[in-house]
1. Out of all the residues in the range 682-693, which are crowded, with 24+ Cβ neighbours inside 10 Å and either within 10 Å of ligand 1 (Cβ to nearest atom) or within 16 Å of residue 39 (Cβ to Cβ) (or both)?
2. If you check 212, 225, 191, which single one turns out to be farther than 27 Å from residue 538 by Cα and either touching a residue at least 12 places away in the same chain (Cβ under 8 Å) or under 23 Å from the mean Cα position of the chain (by Cα) (or both)?
3. Pick from 550, 503: which is more than 9 Å from ligand 2 (Cβ to nearest atom), touching a strand residue (DSSP E or B) at 6+ places or on another chain (Cβ under 9 Å) and closer than 18 Å to residue 179 by Cα?
4. For the range 106-163, give me each residue that is within 19 Å of residue 496 (Cβ to Cβ), outside the structural domain of residue 479 (by TED's automatic domain parsing) and either within 16 Å of ligand 2 (Cβ to nearest atom) or touching a strand residue (DSSP E or B) at 6+ places or on another chain (Cβ under 9 Å) (or both).
5. Can you tell me which of 197, 181 is in contact with a strand residue (DSSP E or B) (Cβ under 7 Å, 6 or more places away or on another chain), more than 16 Å from ligand 3 (Cβ to nearest atom) and in the same structural domain as residue 604 (by TED's automatic domain parsing)?
6. Quick check on my filter: what residues within the range 202-225 are assigned to a helix (DSSP H, G or I), crowded, with 24+ Cβ neighbours inside 10 Å and away from ligand 3 (no atom under 15 Å from the Cβ)?
7. Looking at the range 406-437 only, could you name the residues that are at positive phi and either assigned to a loop (DSSP other than H, G, I, E, B) or within 16 Å of ligand 2 (Cβ to nearest atom) (or both)?
8. In the range 471-488, which residues are part of a strand (DSSP E or B) and away from ligand 3 (no atom under 16 Å from the Cβ)?
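The values are calculated or read from the model by the stated rules, or taken from the named source; none is laboratory data. Fair warning: this is a prediction, and the values are worked out from it, not measured in the lab. When we count neighbours, we look across all protein chains shown, and the Cβ atoms used for this are built from the backbone with ideal geometry, even at glycine.
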Ligand SMILES: Nc1nc2c(c(=O)[nH]1)N[C@H]1C(S)=C(S)[C@@H](COP(=O)(O)OP(=O)(O)OC[C@H]3O[C@@H](n4cnc5c(=O)[nH]c(N)nc54)[C@H](O)[C@@H]3O)O[C@H]1N2
Ligand SMILES: Nc1nc2c(c(=O)[nH]1)N[C@H]1C(S)=C(S)[C@@H](COP(=O)(O)OP(=O)(O)OC[C@H]3O[C@@H](n4cnc5c(=O)[nH]c(N)nc54)[C@H](O)[C@@H]3O)O[C@H]1N2
Ligand SMILES: [Mo]
């Protein structure tokens with residue numbers, strides 16, 4: 001193992017969420033700048049310790065280059081080929097690459113040494129340190145360990161399970177956004193050829209609210225800007241996004257925009273370092289100078305206050321006559337109803353919901369008024385609430401009434417998460433693919449795909465829980481730790497007949513097994529993909545709809561690995577094979593597995609905008625998919641216009657004694673993959689079980705900084721108290737009444753049924769919690785029972801909020 005700090009011996013409290021040794025936790029002041037030389041130092045240290053010098057050079061110099069591979073971290077776009085640096089990556093991209101290109105190996109011996117139960121007693125960080133999985137592994141019914149299995153036997157086992165189901169709808173086929181376009185296309189083809197639309201994906205937990213809102217408002221569920229627009233913008237609004245950690249290369253684009261005169265408005269409960277100042281390690285001023293100030297104004301909005309805030313902006317802009325009447329007239333509908341609605345705005349509600357002063361809101365609105373070209377960026381801070389779809393429609397309203405769509409330097413910029421999550425959707429990974437897509441599939445392959453919508457992530461858990469689904473397959477990802485309500489999700493998966501994961505590294509989802517469980521190890525994007533017809537490349541789409549090729553430079557982690565595409569085709573062939581050996585629909589899976597250009601041929605005929613795919617995708621920088629509002633101000637909505645929506649503002653009611661908790665990412669993780677224990681910008685080191693609370697709330701609730709508490713949420717629908725135990729309180733600048741803690745440790749707190757309206761996305765950013773004396777390891781040091789209003793005996797239910805929560 002490359003990191004000596006992980007290893008057997010960490011005492012587990014809850015499966016997979018081992019309590020940290022609190023004595024090591026260090027709290028420092030949050031930083032005022034992101035990146036700088038420390039980022040370079042950390043990148044190199046992590047890369048060298050996981051990969052050694054040779055692989056570090058082989059990978060990092062090819063990262064995001066036109067002839068190299070696409071970064072496996074976020075979906076931020078690459079600059080034009082001629083504008084790229086030799087080092088076109090960030091600290092967290094380097095960590096992502098090191099995580100995949102590590103020289104550690106989870107061999108069959110490792111799986112023989114540890115039972116599944118033993119593996120399950122360790123945290124996600126420890127599991128990650130086991131390294132790359134080298135062989136296909138199986139857990140047989142009643143088995144305690146994973147053991148090796150031959151590829152063909154594994155495929156036959158999957159086929160046997162799938163063909164034994166009463167209906168294809170009893171199987172669920174999940175995708176995480178790392179899958180390439182080629183593997184995603186073959187996967188959805190297989191799933192539909194098998195007979196179901198059960199294609200949930202990580203988008204369902206991520207930007208689904210964006211996709212739903214934008215599809216209704218502007219007719220396409222994708223953002224409308226390019227990187228050049230960012231450089232040309234006069235104002236960039238960044239709401240609910242932490243680019244310094246999750247999209248660090250965005251800071252380079254923001255720096256360029258700032259130097260060209262753009263203003264930046266940050267809307268975030270937290271004063272995230274990357275929104276304050278950027279020290280570009282590639283520029284002298286970033287190394288020795290004071291860097292570039294990013295936000296001109298920061299609105300520390302209360303969690304879930306954005307709908308009210310954006311409506312207040314609309315109210316003021318309308319009052320000030322700052323509306324693009326011509327654009328509204330020509331390209332939109334719904335304006336009059338919206339005006340009537342925003343004129344009636346209740347400022348008391350706005351101030352309560354946002355926690356901001358009217359003066360500050362007016363200053364921000366003046367920035368929008370003064371800008372001739374505004375870009376709105378957002379991520380999970382806007383998408384993971386009950387009213388997220390309405391909030392994103394309200395953001396879109398502003399862009400519409402100001403004429404900021406289909407104009408240089410302006411537009412909507414949802415910043416996607418996984419590096420190819422947008423591409424996977426384009427390729428048909430969608431439980432609700434439109435008929436036009438299914439018709440094209442039918443024309444190309446000659447079978448009639450199922451038309452009934454399939455299950456999304458939350459509905460898939462429900463179906464497994466209720467015994468309506470019996471097989472779970474994951475193409476990448478870590479389903480059980482990504483989804484809400486960890487305990488419910490784990491029980492649901494355990495009730496399956498077969499769980500199957502195509503993965504690079506061991507994670508929790510491999511340890512929460514059905515009767516039979518398979519791990520099929522895949523090549524990663526850093527690796528050479530050699531098939532019968534020679535080395536293959538794959539293609540991916542970034543957050544700005546630019547599609548391009550990716551070629552891994554490294555020797556595969558094991559000679560037994562197969563590519564995702566080959567694995568999908570292997571399963572498809574085994575499952576759809578008829579008695580006479582031919583495919584049920586006459587699809588040649590072997591040909592596709594051996595030559596990805598055949599898949600790209602299909603893509604060019606099925607996927608809109610992908611004509612001539614093979615040629616366009618492989619030229620330097622690739623090509624950009626069409627986007628009607630961006631390209632020609634055409635809106636393919638139900639009315640053929642950009643739709644200005646009216647949404648009533650509802651204030652989330654948080655009862656006395658409770659806090660509104662958001663669950664977010666540290667600087668040292670990629671979703672459920674924990675790289676390390678350093679959330680450097682927020683000053684939290686060597687531990688993750690922390691809850692950030694405003695100092696006045698800590699005092700008002702009768703606690704002290706450093707106390708250890710359990711987080712409890714009460715959900716009226718099932719009358720259950722959900723508990724995440726053992727969090728250390730850290731005094732932190734977050735709006736009064738709000739709190740923050742890391743994901744995935746807090747996922748057990750989000751009830752499965754607590755979802756965004758219309759998108760069914762778990763409400764991971766608004767969890768109503770109370771803090772109670774910890775039941776973990778007794779009442780810990782620093783917890784002075786006498787200071788607590790009640791509950792000093794550690795009894796959860798004696799806390800003074802017996803009445804159920806009403807989330808209105
Ligand atoms: N290094 C790294 N990169 C990543 C990831 C990773 O885990 N690690 N994950 C990838 C994925 S899949 C995704 S989706 C993206 C996620 O990228 P982000 O959306 O930046 O991720 P989060 O950490 O969830 O941060 C949410 C931000 O929203 C703020 N916020 C929370 N609630 C509210 C609210 O009600 N209103 C407003 N205005 N702000 C709020 C939080 O303070 C925080 O700054 O990053 C991608 N890139
Ligand atoms: N509470 C809370 N929950 C959340 C969120 C939140 O903010 N708060 N965010 C949500 C969001 S935005 C997302 S996107 C989801 C993420 O959900 P997922 O995408 O399911 O989770 P990841 O942690 O990204 O998946 C990591 C696993 O992918 C596998 N992997 C890595 N690379 C490859 C590859 O190249 N191929 C294959 N086949 N497998 C690979 C590895 O085995 C690794 O363990 O979580 C969601 N859950
Ligand atoms: Mo995401």
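1. Within the range 682-693, 682, 692 qualify.
2. From the options 212, 225, 191, the qualifying one is 212.
3. Values: 503 fails: more than 9 Å from ligand 2 (Cβ to nearest atom).
Criteria check complete, one pass: 550.
4. The answer is 116, 119, 120.
5. Criteria check complete, one pass: 181.
6. Once the filter is applied, which keeps residues that are assigned to a helix (DSSP H, G or I), crowded, with 24+ Cβ neighbours inside 10 Å and away from ligand 3 (no atom under 15 Å from the Cβ), the range 202-225 yields 213, 214, 217, 218.
7. 406, 409, 428
8. 471, 472, 473
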